[in-house]
Amino acid sequence: MELHELTIKQASEKLARKEISSVELTQAHLSRIKQLEPKLHAFLYVAEREALDGAKRADQLIAEDENFLLTGIPYAVKDNILVSGMKTTAASKILENFVAPYEATVIKRLGGIGSVVLGKTNLDEFALGSSTENSAFGPTFNPYDTTKVPGGSSGGSAAAVASGEAIFALGTDTGGSIRQPASFCGVVGLKPTFGRVSRYGLVGIGSSLDQAGVLGKTVEDAFLVLQQMAGKDESDSTCLPKELPDYSKFLDRGVKGLKVGLPKEYFAEGIEPEVKKLVEAAAKKLQEQGAEISEMSMSNASLPLATYHLILPVEISSNLSRYDGIRYGLSAAGENLSEVYYKSRSSGFGSESKRRIMIGTYASSAGYFDAYYKKAKQVQTLIKQEFIDAFTKYDLLLTPTTPTTAFSIGEKAADPLAMYLADILTVAANISGVPAISIPAGLSQGLPVGVQLIAAHFREEILLQAGHALEKALNFKLEPNL
Ligand code: GLN
């Protein structure tokens, strides 16, 4: 097995036994990046020097037995998460030269010194999109078929993990941005409960929806990372002081007796037949392992997407107001202050960011606030309640992650509504705040299909338990032909 094929689990065992060094492991990934980037463009910045420095420090820590499980494991970071001293662009021209002055909590928790950041990955500008085509620095290409999108907005992170450029990657998920690209690229994508992981040091868009999470090769790997980065943080008051379970205890618990609901609305119109078939086959596998599978109904399933596209833009219009040409990033010259604002924002933001800012400003302006934003917040309560009720009867819900496999580059780029529909199965978990994971279910005409598992608030361990059992039962390894 080559070094770039290792999981976190395997690599950390080899590091601990001193069979390999972190420097070797890091060099293997850096050369993989060199070889594949012309094809994939998963990275906006490759941190060769920083990664090798980190690897040397990691090897020292390992030699001194000062290490923990993730020490020396090279990983990639979505470019809307602050790594101190590295540029953080959020794939926007407006932040093209912005160097992070501090470290996001998630990065600190993954090791600070002794942590090996391979680089910053591509995304849709400000994480707004489902294909990574909205990046101001050009799209990322799907490792399974480079004429297809990798999904978005964490498309760079998903492509990097799928292709073996990184052992794992961090992403953010506001409406599906970890799970949807994970599904398109055949990797595992975990979005924790809102409040499980600190948002300090993320480039915020939807402060009530954003959550950092993991793109990894296996369910176990994703939870090894979550274990390390989750938990209360003084710097983010929405990050809750909930007890963090020891996830390793849940890995092999199996699914015997777990009640799994298949919401029929998530298997209805618009889902590609082959996607449906593979996801139903995955449900069957869980049943064979002893889970109790039943069809059920989430009657509000048509509401989350519209609700999301009101709540998020309102939060965006507020969060993105800080990019004004004065405080951060790009500043265009003007005769007076409002001209500086106007010119900086007009030339700095891409069209999707502008679209969301306008929708959000409209929906929250005097005279429209009650009809749009307030209404959306009321509907959000309904949606959330339906999930809470469902989880009194079921341990898990199982759905496809996306209605289709990866679409072609350019196919939806000019049609925002068609693009928004790509998130129809993922946004509900953000609107209600519950945790969800996408796990590879197989290939349809050479392209990966993902199955989504959703659990109750702060019950991520059930995703681990069922996800690991599902992986074992499906027993395949997806590999792009690169
Ligand atoms: N694709 C969704 C959107 O365009 C989700 C974005 C995200 O999760 N950051 O809003």
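The alpha-carbon atoms of the range 30-176 define a convex hull whose volume equals 101 cubic angstrom per residue.
Stretched out fully, how many nm does the piece from K354 to E24 gain, at 0.36 nm a residue minus the Cα gap? Could you put the intermediate results ahead of the total?
On the way: separation 330, 0.36 × 330 = 118.80 nm, distance 4.41 nm.
Full extension from K354 to E24 adds 114.4 nm.
Seen from L447, the other residues with C-beta closer than 12 Å to its C-beta sum to a net charge of -2, counting Lys and Arg as +1 and Asp and Glu as -1.
Qualifying GluC sites (Glu not before Pro) in the range 300-393, where qualification requires a DSSP coil assignment and no more than 12 other C-beta atoms within 10 Å, comprise E335. Approximating the spin labels as points 7 Å out from Cα along Cα→Cβ, the T147-to-I388 distance works out to 4.9 nm.
The percentage of C-alpha pairs in the chain whose separation is greater than 40 Å is 14%. Net length available on complete extension from S346 to K232 is 37.2 nm, with 0.36 nm assigned per residue and the Cα-Cα distance removed. Antiparallel beta bridges, as assigned by DSSP with both residues in the chain, represent about 65 percent of the total such bridges.
With a ≥ b ≥ c the root eigenvalues of the C-alpha gyration tensor of the range 209-293, is it rounded (a/c under 1.5), prolate (a/b larger than b/c) or oblate? Because a/c hits 1.5 or more and a/b exceeds b/c, the range 209-293 counts as prolate.
I'd like the carbon and sulfur percentage of the solvent accessible area for the range 104-250, probe radius 1.4 Å, heavy atoms only, ligands and nucleic acids excluded.
Numbers: 1610 of 3150 Å².
In the range 104-250, the share of accessible area belonging to carbon and sulfur is 51 percent.
With a threshold of 25 Å on the Cα-Cα distance, the over-threshold entries among K87/K108; K242/K264; K354/K412; K78/K148; K276/K477 are K242/K264. Here the Karplus relation 6.51 cos²θ - 1.76 cosθ + 1.60, evaluated at θ = phi - 60°, turns the backbone of the range 350-357 into coupling constants of x, 5, 5, 4, 4, 4, 5, 4 Hz, with x for every Gly and Pro.
Can you bin the range 90-159 into rounded, prolate or oblate? Criterion: square roots of the alpha carbon gyration tensor eigenvalues sorted a ≥ b ≥ c, rounded for a/c under 1.5, prolate for a/b above b/c, oblate for the rest.
Values: a/c = 2.62, a/b = 1.53, b/c = 1.71.
Taking the square roots of the gyration eigenvalues as a ≥ b ≥ c, the range 90-159 is oblate.
Could you look at the range 360-482 and say what percent of its accessible area is carbon and sulfur, using a 1.4 Å probe and all protein chains? Here carbon and sulfur together make up 54 percent of the probe-accessible area.
Just to verify a number: FRET efficiency for E269 and A414, C-beta to C-beta distance, R0 = 22 Å, to 0.05?
Values: r = 24 Å, r/R0 = 1.07.
The value I calculate is 0.40.
Mean residue ellipticity at 222 nm, helices only, the chain: -11500 deg cm²/dmol; runs of at least 4 DSSP H residues each add -39,500 (n - 2.57), and the sum is divided by the number of residues.
For GluC sites (Glu not before Pro), the sites in the range 187-250 that DSSP calls loop and that have at most 15 other Cβ atoms within 10 Å are E234, E243.
Mind running the shape call on the range 406-482? Use the C-alpha gyration tensor, a ≥ b ≥ c as the square roots of the eigenvalues: rounded below 1.5 for a/c, prolate if a/b tops b/c, oblate otherwise. Taking the square roots of the gyration eigenvalues as a ≥ b ≥ c, the range 406-482 is oblate. Reducing the range 195-229 and the range 275-311 to their Cα centroids gives an inter-centroid distance of 23 Å. Shown here for the range 22-82: GluC sites (Glu not before Pro) in loop regions (DSSP other than H, G, I, E, B) with at most 16 other Cβ atoms within 10 Å, namely E64, E66. On full extension, the segment bounded by R253 and S299 gains 13.4 nm, given 0.36 nm per residue less the C-alpha separation.
Averaged per residue, what accessible surface does the range 1-122 expose to a 1.4 Å probe, in Å²? Walk me through the numbers before you get to the answer.
On the way: 5000 Å² over 122 residues.
Heavy-atom accessible area per residue stands at 41 Å².
The residues of the range 324-480 expose on average 44 square angstrom of accessible surface per residue, using a 1.4 Å probe on protein heavy atoms. Based on C-alpha pairs under 8 angstrom that are at least 6 apart in sequence, the chain has a relative contact order of 18 percent. Between N97 and Q10, the distance separating the two model label sites (each 7 Å from Cα on the Cα→Cβ line) works out to 4.4 nm.
The values are calculated or read from the model by the stated rules, or taken from the named source; none is laboratory data. Only a predicted model underlies this, so the values are computations on that prediction, with no experimental measurement involved. FYI the Cβ positions are ideal-geometry reconstructions off the backbone, even for glycines, and counts take in every protein chain you see. What goes into the accessible areas is simple: the full protein's heavy atoms, side chains included, and nothing from ligands, DNA or RNA. Shrake-Rupley method; radii C 1.70, N 1.55, O 1.52, S 1.80 Å.
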